[in-house]
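All of the numbers you see were taken from the coordinates with simple rules; none came from a lab. The structure displayed is predicted, hence computed values, not measured ones. Here the Cβ positions follow ideal geometry from the backbone for every residue, glycine too, while neighbour counts run over all protein chains shown.
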Amino acid sequence: MQRRLDGSGVPSPPDGGAWRRPLLALVVAAAALAVVLLGPRLFDTDPIGVDPFDLRLAAVALVLAGAAAVWERLAEMRAVLLAVAAVVLPYCAWSATPRVLERVAGGRLSFDAEVLGSDLVYVAGTLAIAAVALRRLPERWRPRLRLLGAGPRALAVAVLGVAAVVGIALALPAEPLGRLGIPVAALRRDLPLLGPAYVLQAAAQELQFRGLLLGALERTMWPAAANAGQALLFGLAHIAVLYEGPAAALVPITVVLGLVLGALTRWTGSLWPAIAIHSALEVGIAVAILPGLYGQ
């Protein structure tokens, strides 16, 4: 069947129900991960930090991706389930890395160094799964990662987006956020290691959601539907594992952020503006918002 090209150079979804199986894969994966992660918490049997829920997440992601890899009837789901595995497996490795480093280094590494090491593992795991997707998936399902090259539009969006984030972070009033001001001394101490760590974390998540997942969904869905799918999973992932306590209010913003970054990725034809903006956001939130919310 002849396929048209949209403005970003990605083939438009074909007519018919080709979108159904990838969408079903996304829904099933999200539901399965939610059940194994959040289900035990409903009955107070899975306190955070006690039960190794990361192992259950990893097992579900591996089973789903493995089933699609070996069962031909699930072939159309492979790209989406591999993208979900790229979200889950590197996160589980990231979560376990500080404990591993603590044992290996015998407590000689600082907290900042452990965070940087964790994010290096996070990026490496994501890149490894991206390489599998590029090598093993047929071209018609292979996600377009948009990592090669960035034109003037992408560069302008990156610069303006980072400038906007920095301006907003500096303009946020201190008292409503529960902080006295931006801790300059702490920044000088922590940013040399935590700054690169935040950038690596942002790059990994952009490759996962706006690269692999959006790139897989848009092969069979219309652009708006593909963008909504990756943004919703982006928000759900933060609800499940990252934003606890006072920071829970940031979760709806995360979904909107996913929509915006996905739209910018498609409009510019490059993943780099999203990586730059996300990196600036990670640093801005860590510097200007989280310390006050948690009384630091």
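Computing FRET efficiency as 1/(1 + (r/R0)^6) for Ala224 and Val100, where r is the C-beta to C-beta distance and R0 is 51 Å, gives about 0.80. Here the extension length gained between Arg153 and Ala131 equals 5.2 nm, from 0.36 nm per residue of separation less the Cα-Cα distance.
Sorting 189-200, 274-285, 74-85, 102-113 by their mean Cβ neighbour count within 10 Å, with the most densely packed peptide first, gives 74-85, 274-285, 189-200, 102-113. Shape analysis of the stretch 190-232 places it in the prolate category; the axes a ≥ b ≥ c from the Cα gyration tensor give an a/c of at least 1.5, with a/b above b/c.
Can you tell me how the stretch 111-155 classifies by the Cα gyration tensor, rounded, prolate or oblate, using a/c under 1.5 as the rounded cut? Oblate, because a/c is 1.5 or more while a/b does not exceed b/c.
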